[in-house]
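Trainee: Supplied in structure tokens, the structure appears directly below.
The values are calculated or read from the model by the stated rules, or taken from the named source; none is laboratory data. Quick caveat: nothing in here was measured; it's all calculated off a predicted structure. Note that each Cβ is placed from the backbone with ideal geometry, even for glycine, and that neighbours are counted across all protein chains shown. Just the protein is used for accessible areas: all its heavy atoms, side chains included, with ligands, DNA and RNA removed. Shrake-Rupley method; radii C 1.70, N 1.55, O 1.52, S 1.80 Å.
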Amino acid sequence: MKRCYDTWPGLARGLGVCLAAAGALLGCNMARVDDSPGDDPPASSAPSSGWTAIAPGIERREMALPVASASVQGAALLVRVGPAVARFAVQYSPGAARTLDEWQQALPEAQVIVNGAFFDEADRALGLIVSDGQAYGQSFVGFGGMLQVDASGARVRSLVSSPYQGESLWQAVQAFPMLIEHGGVPAPQDDGFGQRSRRTWIGQDRAGRIILGVTHTLIALADLQAWLLASDLDLEVAFALDGGRSTGMVIQTPSHQESIPAFDRLPSVVVVYAP
């Protein structure tokens, strides 16, 4: 059975406001801990102590995850993007999901590719997707977050404290839950914050830079949230993208190539292009 997304009771109730999400609940793999063949890729034993520039406006960093719920001490792979230099796009293939390798082949100019929105068994994204100005689906209401790109640039946004009002966007992807609310404060936790899984997340720091992260190990959202807040990342806002079997990242800059494989095919991805 195809995995749809990891969820929990509180958010499942919230998804009732979205017809697509409600229909998708029938096929979801509910909060599975053992959600990858052979478990996780091995984590580096010597994570980097700081950021390394790998392309104009794009930096890479590996950080240790010394948290109680991790199955072993692992690492998070992070990419930090200066949106005034590099640019973001959201690519969407409704009903025809691709492997991360296939997305890489289809997007040879991409510098970074990371998995995007939650999706149902028909490989259609939940929430609002905007790809090159074309909108799909309906926005989440009262929960979740959004990466958006418009004339003012790229922004990470809480749909709880800053609801979507139908603005015209060039690119957008939505997911849940919020981890850090605007102002750098912890978002409220729901029941599923104690469940362990691979994680993908996106945030924006107080300097306006956007940070994409994937975890190599199974980790609870509560511990991920605490780690993000205690880190030196200085995040203003952050939310989780799809995780579990969907978690994956490709870096393919002239100076650095790296891949964290996703185990599911993906109908949507977030893409970073250098200038």
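Trainee: Please work out the average accessible area per residue across segment 78-157, using the 1.4 Å probe convention, and give it in Å².
Mentor: That works out to 38 Å² for each residue.
Trainee: Using the Karplus equation 6.51 cos²θ - 1.76 cosθ + 1.60 (θ = phi - 60°), what ³J(HN,Hα) coupling, rounded to whole Hz, does each residue of segment 173-190 give in order, writing x for Gly and Pro?
Mentor: 8, 10, 6, 7, x, 5, 10, 10, 7, 3, x, x, 9, x, 6, x, 8, 10
Trainee: Label-point separation (nm) for Ser255 and Thr52, each offset 7 Å from Cα along Cα-to-Cβ?
Mentor: Going by the 7 Å Cα→Cβ label model, 1.0 nm.
Trainee: For segment 207-273, state what percent of all Cα-Cα pairs lands in each successive 10 Å bin, counting from 0 Å until the bin that includes the largest distance.
Mentor: Spelled out per bin, shortest first, that is 15, 46, 35, 3.
Trainee: Ok, one more. Quick one: length gained pulling Ser162 to Gln104 fully straight, 0.36 nm per residue minus the C-alpha distance?
Mentor: Full extension from Ser162 to Gln104 adds 17.6 nm.
Trainee: Report ³J(HN,Hα) in whole Hz for each residue of segment 208-218, in order, from the Karplus equation J = 6.51 cos²θ - 1.76 cosθ + 1.60 where θ = phi - 60°; Gly and Pro get x.
Mentor: Whole-Hz 3J(HN,Hα) from phi for segment 208-218: x, 7, 9, 10, 9, x, 10, 9, 7, 10, 6.
Trainee: Taking every alpha carbon pair in segment 93-174, what does the distance histogram look like in 10 angstrom bins from 0, in percent?
Mentor: Calculated over all Cα pairs of segment 93-174, the distribution is 17, 48, 30, 5 percent.
Trainee: Further, regarding this structure: Identify the trypsin sites (Lys or Arg not before Pro) of segment 155-212 meeting these criteria: DSSP loop state and at most 14 other C-beta atoms within 10 Å of the C-beta.
Mentor: Sparse-neighbourhood loop trypsin sites (Lys or Arg not before Pro): Arg206.
Trainee: Further question: Provide the per residue accessible area, probe 1.4 Å, for segment 171-268, rounded to a whole number of square angstrom.
Mentor: Computed with neighbouring chains in place, this is 29 Å² per residue.
Trainee: Here is a follow-up. Taking the simple approach of a point 7 Å from Cα along Cα-to-Cβ for both Asp191 and Ala151, what is their distance in nm?
Mentor: 4.5
Trainee: Based on the mean of other beta carbon atoms within 10 Å per residue, what is the order of 110-123, 174-187, most packed first? Intermediate values should be presented prior to the final figure.
Mentor: On the way: 110-123: 24.1, 174-187: 21.1.
In decreasing order of mean packing, 110-123, 174-187 become 110-123, 174-187.
Trainee: Give me the percent of accessible area attributable to carbon and sulfur for segment 153-235, probe 1.4 angstrom.
Mentor: 50
Trainee: Hey, another quick one. For segment 87-238, just say rounded, prolate or oblate: build the C-alpha gyration tensor, square-root its eigenvalues into a ≥ b ≥ c, call rounded for a/c under 1.5, and beyond that prolate if a/b exceeds b/c, oblate if not. Walk me through the numbers before you get to the answer.
Mentor: Details: a/c = 1.43, a/b = 1.26, b/c = 1.13.
Verdict is rounded for segment 87-238.
Trainee: Turning to a different aspect of this structure: Using the Karplus equation 6.51 cos²θ - 1.76 cosθ + 1.60 (θ = phi - 60°), what ³J(HN,Hα) coupling, rounded to whole Hz, does each residue of segment 50-63 give in order, writing x for Gly and Pro?
Mentor: Residue by residue, segment 50-63 yields x, 7, 10, 5, 10, 5, x, x, 10, 10, 10, 8, 10, 10 Hz.
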